[in-house]
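Okay, structure first, notes after.
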Amino acid sequence: MACAQVEQQHSFGPDCTLRTLALTCSSTGASHTLSHYHFHAWPDHGTPDSSSGIRAICRALAPARETGRPIVVHCSAVSEWRNGGEALIPSGV
């Protein structure tokens with residue numbers, strides 16, 4: 001079991017939030033820091049009205065990609081495009 005605590009949170013770009021989370025394993029006490037980039041304007045059906053939020057996420061993720069550390073993409077809805085789109089768009093930007 002792990003415990004997550006939001007250490008920092010700020011908005012950037014349209015409809016984007018970056019949260020820094022501290023994750024702690026309750027059984028071992030091991031801790032890790034996680035950066036959570038949240039784009040919260042993708043509708044359940046269709047596409048966003050503007051691409052500016054997705055472009056802001058792509059720009060924000062560029063330094064993270066350069067570290068070589070894993071990046072996990074997830075979506076709250078059942079849609080392959082969202083996950084695939086968010087993961088693949090930066091390669092064409």
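Rule-based calculations on the coordinates, nothing more; no lab input. Bear in mind the structure is a predicted one, so any value in this text is a computation, not a measurement. When we count neighbours, we look across all protein chains shown, and the Cβ atoms used for this are built from the backbone with ideal geometry, even at glycine.
Multiply the residue separation of S52 and S26 by 0.36 nm, subtract the distance between their alpha-carbon atoms, and state the gained length in nm to one decimal.
Once the chain is fully extended between S52 and S26, it gains 5.4 nm.
Subtracting the Cα-Cα distance of H45 and V72 from their residue separation scaled by 0.36 nm leaves 7.5 nm. Pair-distance distribution of the stretch 1-40: all C-alpha pairs, bin width 5 Å, starting at 0; shares per bin in whole percent are 6, 26, 23, 19, 12, 8, 5, 1.
First measure r as the distance between the Cβ atoms of Q5 and R65, then evaluate 1/(1 + (r/R0)^6) with R0 = 41 Å and state the FRET efficiency to the nearest 0.05. Calculated transfer efficiency: 0.95.
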